[in-house]
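K.L.:
Attaching a single structure in structure tokens format; questions to follow.
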Amino acid sequence: MNSRILTLALITVCAIGCGKGVKPYEPDSKASRTIFMPSYQTSAPEKVYARTRWVQLPEVLPARSQDDGRFSYERSPDLRPVYQLTVKNATLEETAKILASMARYSSYTTPSLATRKVSFKNLGTIDELARIIEEKEHIKVVVDHDTKEVRFLVRTTAEPTLYSSE
């Protein structure tokens, strides 16, 4: 019973206390409203941007002939990423696998070279690293980008060449 009386007294105090000092709602009167006039201009609007553009004039492309041999896209240099290859006391077969895996290529090593140990640390593209290994170990390193393969081969004294009929 005491809790009911206490709750009722608390609700009454809150209702009386909250009701004081609050003004009733009155809509805005016409005197307190701000009225804006419609906009108008006496001159044309200012230009925001220029509508003309500078462009390169069209050029006539050079004639292509089949006698040219190589086209322009074949003469452009290859853009290859630069790698750091660090090998310490590894076999040439492991080195070939590491070099090939950097470019996601497969590898092949001649069995007579597979167990030879090598150690070095160099920086360069896959072709530059192949040339460095080739010079240091006196072997033939072929990086075939068409078939995506790196081959470590025995260097012969005379490089094979194809003779043309010219």
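The values are calculated or read from the model by the stated rules, or taken from the named source; none is laboratory data. Keep in mind the model is a prediction, meaning the values are calculated, not measured. Don't worry about glycine lacking a Cβ; one is built from the backbone with ideal geometry, like all the others, and counts go over all protein chains shown.
K.L.:
Would you say Pro81 is assigned to a loop (DSSP other than H, G, I, E, B) and at pLDDT 85 or above?
P.N.:
So Pro81 passes the test.
K.L.:
For Gly124, which of the numbered conditions (1) under 25 Å from the mean Cα position of the chain (by Cα); (2) crowded, with 17+ Cβ neighbours inside 10 Å fails to hold?
P.N.:
Of (1) under 25 Å from the mean Cα position of the chain (by Cα); (2) crowded, with 17+ Cβ neighbours inside 10 Å, only one is false for Gly124: (2).
K.L.:
Can you tell me which residue in the stretch 96-141 is farthest from Gln84 (Cα to Cα), limited to those that are touching a residue at least 40 places away in the same chain (Cβ under 8 Å) and of a type in the set (Ser, Thr, Tyr)?
P.N.:
Ser112
K.L.:
In the stretch 94-166, which strands (runs of 3 or more DSSP E) lie fully inside it and hold 3 or more residues that are among the aliphatic types (A, V, I, L, M)?
P.N.:
Because the criterion is at least 3 residues that are among the aliphatic types (A, V, I, L, M), the strands (runs of 3 or more DSSP E) in the stretch 94-166 that meet it are 140-144.
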